[in-house]
1. Would you mind estimating how fast the stretch 72-218 diffuses translationally, via Stokes-Einstein at 20 °C and 1.002 mPa s with the Kirkwood radius over Cα pairs, in µm²/s?
2. What figure in square angstrom, to the nearest 10, would you give for the accessible area of residue 572 with a 1.4 Å probe?
3. Taking the alpha-carbon distance from residue 70 and a cut-off under 16 Å, which aspartates and glutamates remain once sequence neighbours fewer than 8 residues away in the same chain are dropped?
4. Which links in 779/811; 60/726; 645/751; 427/462; 423/523 stretch past 29 Å when you go from one Cα to the other?
5. Given a 1.4 Å probe and every protein chain left where it sits, what share in percent of the accessible area of the stretch 717-851 is carbon and sulfur?
6. Which of rounded, prolate or oblate describes the stretch 666-822 when judged by the alpha-carbon gyration tensor and an a/c cut-off of 1.5?
7. Hey, which aspartates and glutamates would be in cross-link range of residue 232, C-alpha to C-alpha under 16 Å, not counting anything within fewer than 8 residues on its own chain?
8. Using the 2.2 N^0.38 Å rule of thumb for compact globular proteins, work out how the stretch 508-653 stacks up: its C-alpha Rg over that value, please.
Amino acid sequence: MCALWRILKALTPGPKVTNVTRKIGSFSSLILVLGCIGSSAAQQPVPAKSTGPAESLYLKLRSVGLDEKKVFKIREASLDRASIHISLDDGTIAFTESVAGHITGAFFEGDGEILLTPPNSVERSSLAVFTGGAILEEKFSTAYFRFNDDVYGELTPFLRTAEDTDAFVSRWKDSVRDLSDDDALRLLLTMGDSLAGDEKVAPPSTNDHMFHAMLQGNKLGAFDVWYDTLLKEQIAAGQHKIVAAQNYYDLWTSFAIPGPRDAPEGESAGAAPNFDFDITDFKIQAEIAPPKDLHAKAILSVVARKDCRRTLVFELSRLLTVQKVSADGSPVEFIHNQALEGSQLARRGNDVVAIVLWSPLRSGQKIELTFEYSGSVLSEAASGLLYVGDRGTWYPNRGMAMASFDLEFRYPPAWTLVATGRKTEQKELGGQQVSRWVSERPVPVVGFNVGRYAQSVTYAGKVAVQTYATSNVERGFPGTGAPATAIPFIAPGQRIGEFAAPVSAPPPTPSENVKMVGSTSAKAVEFYERYFGPYPYGTLALTQMPGGVSQGWPGLIFLSSFAFLTPDQRGRLGMDRGHLAMAEQVVAHETAHQWWGDLVGWSSYRDQWIMEALANYSSLMLLESHDPVKFKQIMQAYRDDLIDKKEKGMALTDAGPVTLGLRLSSSQFPDAYDAICYGRGTWLIHMLRTMMRDGERKSAPGRLKTSADEPFVQVLRKIRTDYEGKSISTQELIAAFEAQLPRSLWYEGHKSLAWFYDGWVGGNAVPGYDLHGLKFTDKANSTLVSGTITQDHAPHDLVTAVPLYASVGGKNTFLGRVFAEGEESQFHISAPLGTRKIVFDPEQTLLSRAR
């Protein structure tokens, strides 16, 4: 089983997806370094091709066995890697055979113990969700260690002669061979440079230390612990789980080594080696043969940001087979095998392809890589409705990074193809259609869709919104009478079975509603342009996509067939009012991703929530502008979904804060990502907006004239300007709001939102509030109100800016925000003369429990 692959996919960002986790798309730094190729319980065969020195080394690393001459008794030894302490108290250890002069593994049986202490409350809480403790302290009986440093030399002083070594090797040799493929690619990254045959060729960094422990815990069962200096988060621990026949990889904890680290200015410490280079341009020629096949040639212009390794790793769909890779016209070695599908987050599992250059790239060096590949990456969900599997990886890429694209597609007549970019050419050649699409500005990712579509064009000012849909819905769509094969766009935590429609109901025809969908998106574009600035691209294309997933790309949106339903059709599927309102937001949500997610990106998996929350809240701002009642219904539904008790008596909010990203969905909380990153994330943005609004009207009464002038919108406009074509982190988002923070929101005299970042963004509480002991003292022109705010269902250090209103004559008057901290907080506030009633947050601006 490839435990690493499951971890990597749990941390992988990708194209914008509505109401589902990011299962597809480009890499995080982890996937680039640790992505295990070809691992499975039933060993996947290596493609039939001549084996070069790099692949030969890789194959040895993935099938290395135990060395019968290196079996020892060991006592009172230990291995320390930063925050990881492993004790080998008493037992037997056997080291693996040498590969290219290096010992890379060891198997231990006996009495051992691991101690791992996460550095902060977020990671300690995450660990406790899965292990029951904030510190990982577990005795183990067996362990397989894989490493790229001198563990053998480190343990030599503690080794003694062992008896019956043949029996030990015989008992564990098969297990070791099965486990050895997990880290083969990672070790190849370290050892690949030596293949150049030139002793003068030095690796780009001496800070390359990797240690992976696969442990059989006495209480916790089998689990993994990693230490890898090439990663932004060098330490991680997790476990594979199967629950209700579903595979998960629970990432218990993942964090960077505390303290300063050496890194060039403007670069994250411990960045993965694949971020040592940039891909500035892609030129892709693809031939589409519906309903299944794609044949493509991708030319990548690569430039080294600094000295690189010989081995470069790219992501490419496991459904595609690479025939050839060239560098500057000369063939180079490549390794491309299937990767085992991992957790539910990765059920469309992607693969990686590693190429090995003739020598390491040096800083500033440019190279052109050419990939030739093909495969059955498409499927026909209904007549004329195709689905492109693994949409983010139909071309080799290294992650969500800005680049220019030149795409050429060849496909049969009677089909319509829509792609990212501006269509610069459309012609017929050799009985095929040929279209060319060129990006108007660097974009992070590109895609295409093809079908037998009905078309419609709607204009949002000068922006043409083109909508494409077929006359059919996919097989298994509710109401078609066929078994359901996909989950529709639904509210967080909902399942298709809850919306069962009568079999006799006629299936909808999406092509009948293309104008409705296009008009909805056009209105959203006009609204967002007014608030966030000009639409970033030339045109916007909306295309139908089978299943329940909707995805946003630069200038191109794939909409679930459910998005093409009228409100009446959705109602016939049995959606209640709250979930019906949320389903209607999908078009506006995906349109908002053109600004938040495509134009402005996110820095890491911990920041991905920002784009989902901003896109979601932008769509809700549009809704609020014409239907504030529905807006409140949706916000209430998000809150209720967070705190309602689910299976095992736990609420989804218990899974953790938004900054855990895809780690939130686990065997304990399969649906937590949606509820927290969409639901709680939307609430966090709403709280920032309303705090800024309240602070402005308190600090400068009468200044706020229209919603487009409010401080919140001004901050978002600046973010759009400052981070256009870049990525933003959670800390940078908070800093942007801090810069415009009204004086009345300064906490303890400091112009800082550290309290909001620590308690609300980095926390998971949904508190309850109440007012007690109110006293009213009339003065000459006002009434002084004092009392106590109680805060429960929250940690003792949670700080909240609580809005208070005076209720006089049936009318609520805003008084201001007071800070509540801990269980009880005293307050004093001035109110209109004669006030005898204080109201807490009547406009529902806080994520809080109903009283």
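1. Details: Rh = 16.9 Å.
Answer from the Stokes-Einstein relation: 127 µm²/s.
2. Taking all protein chains as shown, residue 572 has close to 130 Å².
3. Result set, ordered by chain and number: 97, 109, 150, 154, 163, 164, 166.
4. Details: 779/811 21 Å; 60/726 41 Å; 645/751 38 Å; 427/462 26 Å; 423/523 24 Å.
In this structure, 60/726; 645/751 exceed 29 Å between Cα atoms.
5. Details: 3070 of 6440 Å².
Carbon and sulfur atoms account for 48 percent of the accessible area of the stretch 717-851.
6. oblate
7. 123, 208, 262, 265, 267, 276, 607
8. Values: Rg = 15.8 Å, N = 146, 2.2 N^0.38 = 14.6 Å.
Expressed relative to 2.2 N^0.38 Å, the Cα Rg reads 1.08.
The values are calculated or read from the model by the stated rules, or taken from the named source; none is laboratory data. Only a predicted model underlies this, so the values are computations on that prediction, with no experimental measurement involved. Neighbour counts are summed over all protein chains in view; Cβ atoms, including those assigned to glycine, are modelled from backbone coordinates with ideal geometry. SASA here: full protein model, heavy atoms, side chains in, ligands and nucleic acids out. Shrake-Rupley method; radii C 1.70, N 1.55, O 1.52, S 1.80 Å.
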